[in-house]
Amino acid sequence: MTAPAGDVLVLFGITGDLAKKMIIPALYQLVRRGELTVPVLGVALTDWDDDRLCAHMADCVRAALADTDQEVDESALERLQRSTHLVSGDYADPAVFTRLADAITAAAGPTAFAVHYLAVPPSLFGTVADGLAGVGLHTRSRLVVEKPFGRDLASARALQALLAKHYPEDRIFRVDHFLGKEPVEDLLVLRFANTLLEPLWSRHWIDRFEITMAEDFDVADRGSFYDAVGTVRDVVQNHLLQVMAYLLMDAPLSDAADDQRDAKARLLRAVRRLDPTDVVRGRYDGYLDTPGVAPDSTTETFVAATFHVDDWRWAGVPVHLRAGKALPDTLLDVVAVLRPPPRALFSGGLGTMRPDRIRLRLQPRAGITITLLAKQPGQGDVPTGIPLAVDFREVLGPVHAPYERIFADALAGDPAHFARMDTIEQAWRVVEPILDPATPPSPYARGTWGPEAAERLPGPEGWVPLPPSAPSAPASTAPVTPVRPEGALAR
Ligand code: BG6
């Protein structure tokens, strides 16, 4: 069921960091393309007026476009500024919500359906929901809430109870910005719009998966936020388990939002709770010197873990995943390693031949590379690894930023790219055994792939080597090491 479209967008936390870096630039792009035509009301505890807010919005847009080849479209910026107004005050003060109700009526009429976007700390979600309900705004609006949704299963449920007092599930949209990434959604299209991959996508042909989310930068000025969170809560429980669900779930009954979310929930229910002996936690050297980090912190900045999916399709196929900061590169990458053929027909046998691999590069340059073995020209049947590779940007053009899609969908009332509560609960269940360990993580040097123990997590040969992410070497041109069976060179 599609919810009503929003007549007005209310942005709680409009003066905050997320709004500055992500949300305001995304709203500008939507206005520029004619996809945001409703008024915007910003709410924040501030002494700014509309003029000051407009100047701030212009700064945000200019800063966001500075590193791109796009010029600022002044008339679009002006349209955004003209349609935005500020309601200032403390969210705990009921008078703020009375003023907000008046502002909504003035901007969009007395029966307007509002989309309330909460870019505020989760500790304020309940206060805002209560405030909206206090003036009756909850009956004609939906809530869009940012991550993190809880710190564990119990706190996620407690948070949900606060929202559910006033809002039914179909009017709560939980943001996971990875669900707004085109290449993440493309996992579904690649898998279910083609017949090439799907027959291979099971324990019969796939030996294992490897998922890597790497960032080559450190925690920087986010020390106090990050130290309370760590890699598992920051990106694994949410972003990466959502990616894993798209990668492994069965075909949804249709592309309707709830059919997709049912399929994801079913997959996540089959993911086994993590076993701490299948997990390596790491912390880059120097992390403890970051402002805001506790001297006795046990927070991880890297994690590698093996997941098991106890369903018919994936029984016995490990999913190795690693994520972290201060690693050698910035990328999101999935590799499916196929099983070897049943018999060694070519010289040297199968023992030293690498199996076929399907690499789905999700960022920074999305693409697919299938590594096959083909005959090396010359004498004998010497198999050599060759890439079949496509860089999606070269073929399909640039993609929209995740927050542009998130806002467009939140306004339109399409919940497909938001996390449903049951998937969030399942994800907390899976990671719960590795939350908050008392011991510090193992150290690793910046610019390496985490602690040494993580290197061997997938087995003695380690992880499949990753082509670098540099724009000069996108997925389509990434070098693939030729593979020769032992003895082939001697022939
Ligand atoms: C955020 C995390 O949710 O996702 C950050 O808090 C992380 O720590 C970021 O860097 C990664 O998102 P993206 O879109 O830059 O890959």
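The values are calculated or read from the model by the stated rules, or taken from the named source; none is laboratory data. Here the structure is a predicted model, which is why all the values come from computation and not from measurement. Using ideal geometry, Cβ is built from the backbone for each residue, glycine included, and neighbour counts are taken over all protein chains shown.
Of all the residues that make up region 197-246, how many are assigned to a loop (DSSP other than H, G, I, E, B) and of a type in the set (Lys, Arg)?
Restricting attention to region 197-246, the residues satisfying the condition of being assigned to a loop (DSSP other than H, G, I, E, B) are 197, 201-205, 215-222, 228-229.
If we keep only those that are of a type in the set (Lys, Arg) too, we end up with 203, 222.
So the answer is 2.
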Would it be correct to say that Ala92 is of a type in the set (Gly, Ala, Ser) and either surrounded by 15 or more Cβ atoms within 10 Å (Cβ to Cβ) or in a helix (DSSP H, G or I) (or both)? no
Here are the criteria: (1) at pLDDT below 95; (2) within 16 Å of the ligand (Cβ to nearest atom). Tell me which single one Ile386 does not satisfy. (2)
Odd one out for Asp250 among (1) within 11 Å of the ligand (Cβ to nearest atom); (2) farther than 18 Å from Ala304 by Cβ; (3) outside any helix (DSSP H, G or I): (1)
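Can you tell which of Gly286, Gly282, Gly230 is within 16 Å of the ligand (Cβ to nearest atom), on the phi > 0 side of the Ramachandran plot, in contact (Cβ under 8 Å) with a residue 40 or more places away in the chain and among the small types (Gly, Ala, Ser)? Spell out the reasoning first.
Details: Gly286 fails: within 16 Å of the ligand (Cβ to nearest atom); Gly282 fails: on the phi > 0 side of the Ramachandran plot.
Result of the check over Gly286, Gly282, Gly230: Gly230.
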Which of (1) in contact with a Lys or Arg (Cβ under 7 Å, 6 or more places away or on another chain); (2) buried (at least 22 other Cβ atoms within 10 Å of the Cβ) is the odd one out, the single condition Asp285 does not satisfy? (2)
Scanning region 99-126 residue by residue, those loosely packed, with under 15 Cβ neighbours inside 10 Å and assigned to a helix (DSSP H, G or I) turn out to be Asp102, Thr105, Ala106, Ser123
Of all residues in region 195-218, count the ones that are within 16 Å of the ligand (Cβ to nearest atom) and surrounded by fewer than 14 Cβ atoms within 10 Å (Cβ to Cβ). 1
Could you check how many residues of region 2-57 are without any contact (Cβ under 8 Å) to a residue 60 or more places away in the chain, assigned to a loop (DSSP other than H, G, I, E, B) and either surrounded by 15 or more Cβ atoms within 10 Å (Cβ to Cβ) or of a type in the set (Val, Ile, Thr) (or both)? 4
Mind checking which pairs have a first residue in region 174-186 that is closer than 15 Å to Leu241 by Cβ and part of a helix (DSSP H, G or I) and a second that is modelled with pLDDT under 95 and within 11 Å of the ligand (Cβ to nearest atom), Cβ under 6 Å, 6 or more apart or different chains? none
For region 400-435, which positions are away from the ligand (no atom under 14 Å from the Cβ) and among the β-branched types (Val, Ile, Thr)? Thr423, Ile424, Val430, Val431, Ile434
Quick one: how many residues across region 70-87 are surrounded by 13 or more Cβ atoms within 10 Å (Cβ to Cβ), part of a loop (DSSP other than H, G, I, E, B) and of a type in the set (D, E, K, R)? 1
With Val184, Val235 as the choices, which residue is within 11 Å of the ligand (Cβ to nearest atom), touching a strand residue (DSSP E or B) at 6+ places or on another chain (Cβ under 7 Å) and under 15 Å from Thr423 (Cβ atoms)? Val184
Report, by residue number, each residue of region 313-331 that is crowded, with 17+ Cβ neighbours inside 10 Å and of a type outside the set (Lys, Arg). Trp314, Val317, Pro318, Val319, His320, Leu321, Ala323, Gly324, Ala326, Leu327, Asp329, Leu331
Residue that is surrounded by the fewest Cβ atoms within 10 Å (Cβ to Cβ) [pool: residues in region 219-258 that are in contact with a helix residue (DSSP H, G or I) (Cβ under 6 Å, 6 or more places away or on another chain) and among the small types (Gly, Ala, Ser)]: Ala251
Those residues of region 407-450 that are surrounded by fewer than 16 Cβ atoms within 10 Å (Cβ to Cβ), on the phi > 0 side of the Ramachandran plot and modelled with pLDDT of 95 or more come to a total of 1
